[in-house]
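Right, one structure below, let's go through it.
The numbers here are math on the coordinates, done by the rules we state, and not lab data. All values derive from a computational prediction rather than experimental measurement. No Cβ is skipped: glycine too gets one built from the backbone with ideal geometry, and neighbour counts run over all protein chains shown.
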Amino acid sequence: MELINRELSWLAFNERVLQEAMDDKVPLIERMHFLGIYSNNLDEFFRVRVANIRRMIGVNKKRIDGFEGTPNELYNEIRKTVLKQQIKFEKTYLEIKNELAEQHIFHIDDATTDQNKLIELSTYFNQELKHSIIPIILDKKTPFPRLKDSSIYLAIRMISEDFQKVKFALIQIPSEFPRFYRMKEGTNEFVILLDDIIRLNLKDIFQIFPSDTIEAYTFKFTRDAELDLDDDISVSFFDKIEKSLKQRKKGKPVRFVYDERMPKDLLDHLLNSLNLKFGVNTIPGGKYHNFKDFSSFPSFEKPEFLYDKQRPLAHPQLENKRSLIKTILLQDVLLHFPYQKFDYVVDLLREAAIDPKVVSIKMNVYRVARNSQVMNALMAAIYNGKNVTVVLELQARFDEENNMYWSNRLKESGARVIYGLQDLKVHSKLLQIARISNRQEQLITYVGTGNFNEKTARVYGDLSLLTANLAISREVKKVFRLLENNMERGLFKQLLVSPFNSRRKITACIDTEIKNAKNGLPSFIRLKLNNLTDRKMIEKLYEASQAGVKIEMIIRGICCLIPGVKGQSENITAISIVDRYLEHARFMIFCNNQKPTYYISSADWMERNLDKRIEVACPILNSELQAEIDTIFNYQWRGSVKSRLVRKDLKNVYRKAVGKPFHAQLELYNYYKNLSESISQK
């Protein structure tokens with residue numbers, strides 16, 4: 001069975017992000033932001049996936065899906081691919097700088113700053129920056145400091161010709177200040193990085209060391225981000241996570257990115273101090289690193305530098321309703337973020353907090369905003385006497401500290417907080433409000449594909465079902481019961497719940513399509529996922545293709561399946577959409593002999609999601625909502641402007657338009673805008 005390697009497929013996805021930065025039809029500062037997103041993605045890739053490859057090398061593991069070679073050879077292929085992308089990255093960055101210059105916005109550095117600006121920058125340095133800078137002399141007397149993953153460092157080289165001495169030092173760029181400093185001079189604007197302001201003042205910082213030459217070179221250091229949780233049953237799960245977060249700061253090095261102009265003696269000193277080998281963990285780069293900060297590059301108050309504003313729209317069934325709960329009791333509602341307002345979710349919780357008939361609220365949380373309106377609404381419910389239970393996943397990678405913070409806040413407020421199990425993350429997106437009316441229990445249920453996070457809901461495309469359907473709601477209640485009662489197993493007929501029945505039920509749906517195709521009946525499968533890596537599911541899709549089932553897939557990120565291979569996958573077509581919004585919604589449509597079944601899901605088709613996490617997929621039973629999901633898929637499948645073909649060669653070829661180019665995200669916004677405008681016309 002032919003597969004695409006997972007890591008190489010991910011790198012192809014990140015190159016699609018880079019393509020957005022390279023696209024001159026994307027607004028100028030948005031292109032800079034895409035460089036930041038690309039860089040941040042790559043940091044996490046090295047901290048997680050490349051770290052895993054390095055561990056495979058350490059244990060001499062030889063078999064790798066989709067790659068004919070050893071882990072070490074795969075690591076070298078990854079490094080080669082990243083270096084090729086780095087060249088495109090640097091070229092794109094230079095192009096954007098040149099285009100900004102044409103708009104009278106100049107990116108200056110320590111070598112191109114005139115005297116007038118030097119005075120202003122010196123004042124800023126002395127009044128604001130100076131006392132936040134901690135220089136560290138690198139010599140045999142001083143232990144080499146422990147470096148932080150999220151920080152940028154300047155490696156300093158001082159030369160005294162009189163004493164024929166070379167001294168090395170280290171400065172961590174302060175993270176509490178904006179990375180970019182702006183200045184204005186007539187009609188021209190100037191921006192300079194914090195790094196260069198420090199470079200301009202190096203002689204002041206190291207004034208006690210007489211030097212003829214003083215130079216600074218940027219580098220960045222990345223560690224293995226895997227949490228190592230011990231098996232001590234006497235230690236609470238919360239304490240294990242807290243301890244592991246501290247250990248993460250001591251993780252093994254996986255990448256050292258440095259200014260390629262760095263002198264050999266300084267580079268050698270750093271590598272020796274960090275116990276690294278040149279060419280193994282090292283990647284040469286340009287003058288600046290931590291480009292993730294460029295996600296917040298200033299727009300200079302020029303609207304044309306950014307995407308046209310697309311404010312989240314009103315939902316026809318929820319806008320101006322006195323009670324959202326009563327509305328949902330009467331009809332199912334589908335929310336599609338970021339096209340529609342996430343505010344309704346917060347408003348629903350705030351209504352539940354003061355509704356005298358509401359007795360309890362249960363929610364499972366994977367990622368939330370630091371200043372979360374959702375969490376504040378839950379605390380309001382607690383203060384109003386409601387029983388609030390939060391299943392909070394402490395192992396949400398890179399959000400562990402934020403979740404621990406909210407765990408403490410919720411506990412202090414009086415909530416019951418339950419943690420996911422050590423070996424079974426809770427990744428579902430569920431909310432349930434229990435209400436007693438006329439002595440009857442009413443369950444208002446929310447099942448989503450994305451997190452309860454108002455910040456990411458502005459840029460992540462996600463679907464959420466709000467329903468009072470008894471069959472669905474009772475099964476969601478069972479999910480909460482199993483989380484509360486140490487994995488009490490329940491039977492699920494409506495929901496697909498990993499790790500219990502998702503794989504089996506999805507396989508059964510595919511088998512139905514295979515059987516129908518073989519019997520000459522209509523058959524198709526339409527999938528929208530973030531990632532497709534699971535071998536068994538890919539094998540089943542290949543089987544369906546060979547039986548004649550037409551399969552259309554929109555896979556944003558990793559796709560290990562190879563479409564269009566004769567005799568294996570010739571009936572499978574796959575595209576990937578990368579645009580201003582992150583395509584995050586997951587849903588499945590199965591023909592079922594012209595009686596289609598629809599599911600929205602929190603899970604990708606990955607082994608971890610199907611077998612090692614609590615995930616929930618929910619059927620969409622309302623015919624109007626089914627039609628809406630058809631519309632979403634059809635718009636995105638028709639899309640050509642931002643759609644790339646998923647192919648074995650990983651070349652990210654744009655899909656050719658049939659007729660007029662169709663921009664799926666823009667057209668979807670207009671679709672929802674028309675629905676929203678129908679409110680004001682009534």
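Numerical summary
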| read-out | value |
| --- | --- |
| Aspartates and glutamates whose Cα lies under 19 Å from that of LYS321, excluding same-chain neighbours fewer than 8 positions away | ASP332, ASP343, ASP347, GLU351, ASP355, GLU677 |
| Under-5 Å amide H pairs with CYS559, H placed in peptide plane, nonlocal only | LEU532 |
| Structure-derived P(r) over Cα pairs in 20 Å bins from 0, in percent: which label, when the choices are (1) 16, 47, 32, 6, 0; (2) 17, 41, 29, 11, 1, 0; (3) 16, 36, 32, 15, 2, 0 | (1) |
| The chain - mean residue ellipticity at 222 nm from DSSP helices (-39,500 (n - 2.57) per run, n ≥ 4, rounded to 500) | -11500 deg cm²/dmol |
| In Hz, Karplus ³J(HN,Hα) per residue of segment 13-29 (6.51, -1.76, 1.60; θ = phi - 60°; x = Gly, Pro) | 4, 5, 5, 5, 5, 4, 4, 5, 5, 7, 7, 6, 8, 7, x, 4, 6 |
| Along principal axes, Cα extents of segment 621-682, largest first, whole Å | 51, 28, 17 |
| Shape category assigned to segment 286-353 from the gyration tensor of Cα positions, a/c cut at 1.5 | prolate |
| Student exercise, segment 37-119 dipole from Lys, Arg, Asp, Glu Cβ charges, in Debye to nearest 20 | 720 debye |
| Separation between Cα centres of segment 286-327 and segment 489-566, rounded to whole Å | 34 Å |
| Rg ratio (alpha-carbon, reference 2.2 N^0.38 Å) - segment 31-170 | 1.48 |
| Residue-by-residue Karplus 3J(HN,Hα) for segment 538-544, coefficients 6.51, -1.76, 1.60, Hz, glycine and proline x | 5, 4, 5, 5, 4, 4, 5 |
| Packing-based ranking, highest mean first, of 582-588, 660-666, 537-543 given that Cβ atoms within 10 Å are counted | 582-588, 537-543, 660-666 |
| SER643 long-range amide H proximity, modeled H, under 5 Å | ARG655 |
| Electrostatic dipole magnitude of segment 324-484 [Cβ: Lys, Arg +1; Asp, Glu -1; Cα centre; debye, to 20] | 300 debye |
| Qualifying lysines (Cα of each under 16 Å from Cα of LYS140; at least 8 residues distant if same chain) | LYS165, LYS167 |
| Neighbour net charge for ASN622 - beta-carbon separation under 11 angstrom, K R +1, D E -1 | -3 |
| In degrees, nearest ten, helix 343-354 long axis to first principal axis of the chain (Cα) | 70 degrees |
| Segment 398-504: chymotrypsin sites (Phe, Trp or Tyr not before Pro) falling in loop per DSSP and having at most 15 other Cβ within 10 Å | PHE398 |
| Those lysines that a straight Cα-Cα span of less than 17 Å connects to LYS651, excepting residues fewer than 8 apart in one chain | LYS80, LYS84, LYS88, LYS642 |
| Sequence ranges 338-346, 76-84, ranked by mean other-Cβ count within 10 angstrom, highest first | 338-346, 76-84 |
| Distance from segment 451-469 to segment 19-79 (C-alpha centre basis), Å | 28 Å |
| Filtered trypsin sites (Lys or Arg not before Pro), segment 418-463: DSSP coil and at most 11 other beta carbons within 10 Å | ARG439 |
| Degrees between helix 373-383 axis and first principal axis of the chain (Cα, 0 to 90, nearest 10) | 60 degrees |
| Dipole magnitude of the chain, debye to nearest 20 (Cβ charges: Lys/Arg +1, Asp/Glu -1, about Cα centre) | 2000 debye |
| Karplus-derived HN-Hα couplings along segment 499-506 (A = 6.51, B = -1.76, C = 1.60, θ = phi - 60°), whole Hz, x at Gly and Pro | x, 8, 9, 4, 4, 5, 6, 5 |
| DSSP-defined beta bridges in the chain - what % are antiparallel, rounded to 5 | 70 percent |
| Positive-end residue, segment 357-434 charge dipole about Cα centroid, Cβ charges, pick of VAL374, ALA434, ILE361 | ALA434 |
